[in-house]
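Here is the structure we will look at, set down as structure tokens.
Values in this text are rule-based calculations from the coordinates and carry no lab data. Since this is a predicted model, take the numbers as computed values, not measurements. Don't worry about glycine lacking a Cβ; one is built from the backbone with ideal geometry, like all the others, and counts go over all protein chains shown.
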Amino acid sequence: MRDDEKAPNLVTRATRTAKEVDDFGIVRGAWRQLESNAHYFFQYPQWLQVIASLADGDVAWGVLAESGETVAASVLQRRRVGPSLLGLRALTNVRVNAIWMYPFTDCLIDPAAARAHGVVLDDVLDASGTWHAALITNLRAESPWLHLAVGRAQVRHEESGGVGILDTRHDVDAWQRTLPKNMRDTIRKTRKRVATAGGAQITVATQSDVPAAYERFIALEASGWKGAHGTSISQSGAWCELLGHYLESTKSAQIRSLYIDGRIAASQLCVTVGTSLVLLKVAYDEQLAQLSPGNLLMANLAEECCEDPLIDRIDCTVWQDWHQRWGMYREPTFDLFAFDHRTWRGKAIGAAWNARRALTRQNSWKVAPATPITSR
């Protein structure tokens, strides 16, 4: 592992391909041992199994364990880079359908065990097999990767990234005061128009009701611009099937739907993780756009979360322009770049990358500052 000091006595296990989905069973138990350290829904075993089934190419499930105690687990994609004769291998986020995975994956770590065993970034990356460079993007502020990057990797704030977060620890009146005046007026006028159009009903499907509600959601989404542009869930068979399976198998999943005069007008896919209500996807009937059904359903969701003492925020997983209108703040996301300087290939890639950065004056990359691994 490391040349400058004694590496921790850790057992390394890794599966080698996402196409052999059953391999996830090898690490499922280890991942569940770390589940209490998860902050975000994409750190949970159920979600990660969906990723294993969808991912393009070679995916490694890396686990570090000491005397039967799981210390860390990660899921990354291994890619060949450069001329094949050089044998250069990079670790990146998992990719699905040739795009960066959205939502993305993260790793899990037991902070106390990691400190006790002196775990560093290279130890966790080594569990995924041979690597010379690592580029991990879309990292949330509490990602273990960022803690492991301290003094070892370069980190950059994603200026165009971020995640929309709505703080719901306030009561409804306090939240409404954070909204722009025109948004408060829009909600009030929308409710009046909908009442005149036949009234609204909001249903929340959970557990056994999820499959039917999911079918209605994907049909609603496909009826709009996403369907016309080929980007709806229904137009990706594997993604559609496995996302539905994830929602069905996750006890905290819920599908919220707004009906206007008996017709489905808007819908949301949600799952609760800890004290966060994660808003995964939204869809609305564009033929009813004049009634703003999406706004009406979003207002109801925010109000219910403000009234629920078990929910302290709505997590939108990404940042979009419309989030600001709802009083959300933009939680930052980060990219991480590291090289394996223990190998000549890693040193060569690192030197080339630093030279290119110097030539293009891309100085936003900084060595991660010294901050300890902590628990929430």
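Answer rounded, prolate or oblate for the range 163-330, using the Cα gyration tensor with square roots of eigenvalues a ≥ b ≥ c: rounded when a/c is under 1.5, else prolate when a/b is larger than b/c, else oblate.
Taking the square roots of the gyration eigenvalues as a ≥ b ≥ c, the range 163-330 is oblate.
How large is ³J(HN,Hα), in whole Hz, for each residue of the range 137-152 in order, when computed from phi with the Karplus curve 6.51 cos²θ - 1.76 cosθ + 1.60 and θ = phi - 60°, using x for Gly and Pro?
10, 6, 7, 6, 4, 9, 5, x, 4, 5, 5, 5, 6, 3, x, 10
Given H placed on each backbone N at 1.01 Å, which residues far from Leu88 in sequence or on other chains put an amide H within less than 5 Å of it?
Amide H neighbours of Leu88, under 5 Å, 5+ apart: Val81.
Do you know the Lys pair count in the range 163-330 for C-alpha distances under 20 Å, with sequence separation 8 or more or different chains?
4
Just to be sure I understand the curve: with the Debye formula and one point per C-alpha of the range 266-307, what is log10 I(q)/I(0) at q = 0.32 Å⁻¹?
Log10 of I(q)/I(0), two decimals: -1.14.
Using a 10 Å cut-off on Cβ atoms, rank the peptides 324-331, 193-200 from the highest mean neighbour count down.
The peptides rank, most packed first, as 324-331, 193-200.
Would you mind checking which residues have amide H under 5 Å from Asp285's amide H? H placed 1.01 Å from N; only 5 or more apart, or other chain.
It is Ala266, by chain and number.
With an 8 Å cut-off on Cα pairs and a minimum separation of 6 or more residues, tell me the relative contact order of the range 163-330 in percent.
Contact order relative to length: 36 percent.
Go through 223-234, 267-278, 244-255 and give me the packing order, highest mean Cβ count within 10 Å leading.
Ranked from most to least packed, the peptides come out as 267-278, 244-255, 223-234.
With θ taken as phi - 60° and the coefficients 6.51, -1.76 and 1.60, list the Karplus ³J(HN,Hα) couplings across the range 218-224 in order, rounded to whole Hz; mark glycine and proline as x.
Each residue's phi maps through the Karplus curve to give 5, 5, 5, 4, 5, 6, x Hz.
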